[in-house]
């Protein structure tokens, strides 16, 4: 088996499973693709008995009194992760500081743009999007889908938040499933 550089990334059709050897008689051929549900998000769980899991809610807030708050301009918030985890959902909402109602027909998540980027530069959203299209709220969680979005310990995510009104408080919550193993001892074996 030779190793070669990939000059052109494969297309979707080329990524399908391929039969390495002919199937024995009376066994059906394996399909190139199989279907699996995308929602609800279903992260992997380790079969190692020394690994435990717990939910953790990471968050960031943008206040209209913050020095970097400017209407129609992106503000950055960085969220650091100490444990390996899987991002399962992104929720958020906004509130008008001046006791002013939202414009008629608009919901809190219609009034800001949102994006998230991993510390490696990998973008979960390829560009800032209207928050109501990419994150959920308390009634309808913004599930990532599939297996979730894996985040390694020591990594961080950059949240880009663009307020569309002059007087908002915007809260973002990252719903994560943390994996915890032994930290300062081993069980041997």
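Every number in this text was worked out from the coordinates using simple rules, so none of it is lab data. What you see is a predicted model, and the numbers here were worked out from it, not measured in a lab. Neighbour counts run over all protein chains shown; Cβ positions are idealised from the backbone, glycine included.
Structure data summary
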| quantity | calculated |
| --- | --- |
| Residue with peak Gaussian network fluctuation, the chain [Cα springs, cutoff 10 Å], from 35, 115, 96 | 35 |
| Projected label distance in nm at residue 128 and residue 53, using a 7 Å step from Cα toward the beta-carbon | 3.5 |
| Within the stretch 1-153, percent of DSSP bridges classed antiparallel, to nearest 5 | 90 |
| Cα centroid of the stretch 88-129 to Cα centroid of the stretch 34-71, whole Å | 15 |
| Potential lengthening between residue 29 and residue 12 on full extension [0.36 nm per residue; Cα-Cα distance subtracted] | 4.1 nm |
| Stretch gain in nm, segment residue 171-residue 119, where the contour uses 0.36 nm per residue and the Cα spacing is subtracted | 16.7 nm |
| The stretch 54-180, relative contact order in percent, only Cα pairs under 8 angstrom and at least six apart counted | 50 |
| Order by protection proxy (mean Cβ within 10 Å, highest first), peptides 39-46, 169-176, 59-66 | 169-176, 59-66, 39-46 |
| Label-to-label distance, nm, for residues given as residue 66 and residue 83 (7 Å Cα→Cβ offset) | 2.5 |
| Cα-based equivalent ellipsoid, the stretch 1-114: semi-axes from gyration tensor eigenvalues, Å | 46, 21, 18 |
